[in-house]
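Worksheet: the structure to be examined is printed underneath.
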Amino acid sequence: MTHVIIDYDVGNIASLQMGFERAGLNTTLTADPNIIANATSLILPGVGAFQPAMASLKERGLIELIHAHVSQGKPLLGICLGMQLLFEEGHEFGVHKGLGLIPGSVLPIRDAEKLPHMGWNDLSLMQDHPVMAGIKTGSYVYFVHSFYASTTPSVQVATTDYGVTIPAIVQNNTVIGMQFHPEKSAKVGEQLLKNYGRWVDERFTVDGSLQS
Amino acid sequence: MLARRIIPCLDVDAGRVVKGQRFQAIKDVADPATLAKRYALEGADELVFYDITASSDTRPIGHAFVKAVAQTINIPFCVGGGITSVSDMAFILNQGADKISINTAAVQNESLIREGALKFGSQCIVVSIDIKKVDGTYTVFTHGGRTNTQMDAIQWAKRAVELGAGELVLNTMDTDGVQDGYDTEFIQRITKSVNVPVIASGGAGRLEHFVDAAKAGADGLLAASVFHFQTLSIADVKDALEKAHIPVRKESL
């Protein structure tokens, strides 16, 4: 099973790929629409601002491919800005349309003493999910961001607190989002990526190909 | 709650760690990735590497350690030393570093802070400041502490943040290497003056030094000797902070 990381020119994602490898997950980093269209598992990374990232996906014709992927019931993991793009809209330098795969809006963090929200913060578990196997409330993960997803409790798997309650892990059927950097989150991050890999393997594949 | 970060610092000369000789349990104490992994497993929250390679001719080779570290560890790390341009920054970030630290180059060329922040985001740009008290004023020094710039340290810290620095490392030279405690007076003043994370550096010798600096407001506590020479373990430091009701990250797996 190879996880396809979407390469759409949003910051350096070499270390994300290294993190997947450390967790034992095979990855391909690509912008090739054919490979993306045929992927079982898509990873949407991203560092930077909301609007340029959406523009970059659009320019490469990837928005339709991501929607088609999800509507076929295949798994998608968004990380950091990639998680924020999963929502309906982003309020960063104006209001911009997101992928709309999870209900909610991405808003600036207010009332925080220091921004960005940078460093290790602890998770509060809100609901069970296969990616949370072995992860307890109080586990620390590494965050770097200034915007957060304002969303409904039903999609929140885990939250953290930074002046506001920040959804840290979200889900909507086969779509998962992580606001923090699992690849920089020590053993907890590695476990989350392993869990994601296992979830994909068990739920979505038979002998390495997509379960029909 | 956001945890205070414990940050071991490693000096690298031509791709090899200096000052790491006391680690008896590992074979290659001078290999950056090997030492980095040990610190990560011991519970370090982040690492800082200073490339102290004297000659810029050998630096590209020296910087090759960054990729090996990125492949090995699963915590964030910062690289500093000899970075004078946005293309230097791009090179190191592309090797997998999370942050870039600039010191003398930022004083000599302020626009480097802004250009770096615009291109990579403020979270990537750490401005490191060497500080010494001169006639009662905290003053900025450059070139590894050899040059007195006559600049007021608080003013320079504010200016660096205004230009886009996402984090400050404050190395107080009077306390550095003496292991007699961080300069808590300065930490208090600086954390009231800027709204970015502040990393205290210089002076850690005993457990209470870490606690005092955290109480003074430091977001991160950087130390070299106490960890290299295993005078203190990262776990000891975190236990001491926890006892003082300061949030720290402990591995829960």
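Shown is the FRET efficiency for A:VAL164 and A:GLU88, computed with R0 = 25 Å from the Cβ-Cβ distance and rounded to the nearest 0.05: 0.85.
Highest mean packing comes first when the peptides B:243-249, A:182-188 are listed by Cβ atoms within 10 Å, giving A:182-188, B:243-249. Each Lys and Arg adds +1 at its Cβ and each Asp and Glu adds -1 at its Cβ; summed about the Cα centre, chain B shows a dipole of about 300 debye. Taking every DSSP beta bridge with both residues inside the protein assembly as shown, roughly what % is antiparallel (nearest 5)? Rounded to the nearest five, the antiparallel share is 45 percent. For the stretch B:118-161, the residue among B:TYR138, B:THR149, B:PHE120 whose Cα projects farthest onto the positive side of the dipole built from Cβ charges is B:PHE120.
Shown is the FRET efficiency for A:ASN38 and B:LYS250, computed with R0 = 51 Å from the Cβ-Cβ distance and rounded to the nearest 0.05: 0.75.
Based on C-alpha pairs under 8 angstrom that are at least 6 apart in sequence, the stretch A:2-210 has a relative contact order of 20 percent. Comparing A:GLY177, A:SER150, A:GLY197 along the charge dipole axis of the protein assembly as shown, the residue lying farthest to the positive side is A:GLY197, per the Cβ-charge model. Report the paramagnetic label zone for A:GLN72: residues of the stretch A:19-48 whose backbone N is under 20 Å from a point 7 Å from Cα along the Cα-to-Cβ axis. Under cut-off, by backbone N: A:26-45. In the protein assembly as shown, a dipole from Cβ-located charges (positive for Lys and Arg, negative for Asp and Glu) runs towards its positive end, and of B:ALA64, B:ALA244, A:GLY98 it is B:ALA244 whose Cα lies farthest in that direction.
Sparsely packed loop sites in the stretch B:139-203 (the trypsin sites (Lys or Arg not before Pro) outside DSSP H, G, I, E and B with at most 16 other Cβ atoms within 10 Å) comprise B:ARG146. Taking label points 7 Å from Cα along the Cα-to-Cβ direction, B:ALA64 and A:GLN51 give a separation of 4.4 nm. The distance between label points at A:LYS136 and A:LYS58 comes to 4.7 nm (points 7 Å beyond Cα on the Cα→Cβ vector).
Per residue of A:113-125, other chain Cβ atoms within 10 Å of the residue Cβ number 6 on average.
Put in line by how crowded their Cβ is, counting other Cβ atoms within 10 Å and starting with the fewest, A:TRP199, A:TRP120 read A:TRP199, A:TRP120. For chain B, the Kirkwood radius over C-alpha pairs fed into Stokes-Einstein at 25 °C and 0.890 mPa s yields D = 136 µm² per second. Where does the charge balance sit around B:GLY136 when Lys and Arg score +1, Asp and Glu -1, over other residues with C-beta under 15 Å from its C-beta? Once all neighbours under 15 Å are counted, the net charge is -2.
DSSP beta bridges in chain B, what fraction antiparallel, as a percent rounded to 5? Roughly 30 percent of the beta bridges in chain B run antiparallel, per DSSP.
Extending 7 Å from the Cα toward the beta-carbon at both B:LYS215 and A:THR205 defines two label points whose distance is 5.4 nm. Between the amide H of A:ILE166 and those of A:THR160, A:ASP161, distances stay under 5 Å, these residues lying 5 or more places away or on another chain, with hydrogens modeled in the peptide plane.
Annotation: the antiparallel percentage among DSSP beta bridges lying fully within the stretch A:2-210 is about 60. Between amide H atoms placed 1.01 Å from N, distances below 5 Å from B:THR147 occur with B:THR142, all of them 5 or more places distant or on a separate chain.
With neighbour counts taken as other beta-carbon atoms within 10 Å, the residues B:SER128, B:SER85, A:SER71, B:SER201 rank, fewest first, as A:SER71, B:SER85, B:SER128, B:SER201.
Taking one quarter of the surface of the C-alpha convex hull of the stretch B:66-209 gives a mean projected area of 8.9 nm². Amide H to amide H distances under 5 Å link A:GLY78 with A:LEU44, A:ILE176, A:GLY177, A:MET178, where only residues 5 or more positions off or on other chains count and H is placed in the peptide plane. Going 7 Å from the Cα of A:ALA31 in the Cα-to-Cβ direction, what parts of the stretch A:61-76 have a backbone nitrogen less than 19 Å from that spot? The answer is A:61-67.
Ranked by how many other Cβ atoms sit within 10 Å of their own Cβ, fewest first, the residues A:HIS181, A:HIS96, A:HIS91 fall in the order A:HIS91, A:HIS96, A:HIS181. Remark: mean inter-chain Cβ contacts per residue of B:70-80 equal 5, using a 10 Å Cβ-Cβ cutoff to other protein chain atoms. Rounded, prolate or oblate: which fits chain A, taking a ≥ b ≥ c as square roots of the Cα gyration tensor eigenvalues, rounded meaning a/c under 1.5, else prolate when a/b beats b/c? In terms of gyration-tensor shape, oblate. The dipole here belongs to the stretch A:2-210: it is taken about the Cα centre, uses +1 on the Cβ of Lys and Arg and -1 on the Cβ of Asp and Glu, and is about 200 debye.
Read-outs: derived from the displayed coordinates by stated rules, not from any lab. If you're wondering where the values come from, they're calculated on a predicted model, not measured in any experiment. In this analysis, Cβ positions are derived from the backbone assuming ideal geometry, glycine residues included, and neighbour counts consider all displayed protein chains.
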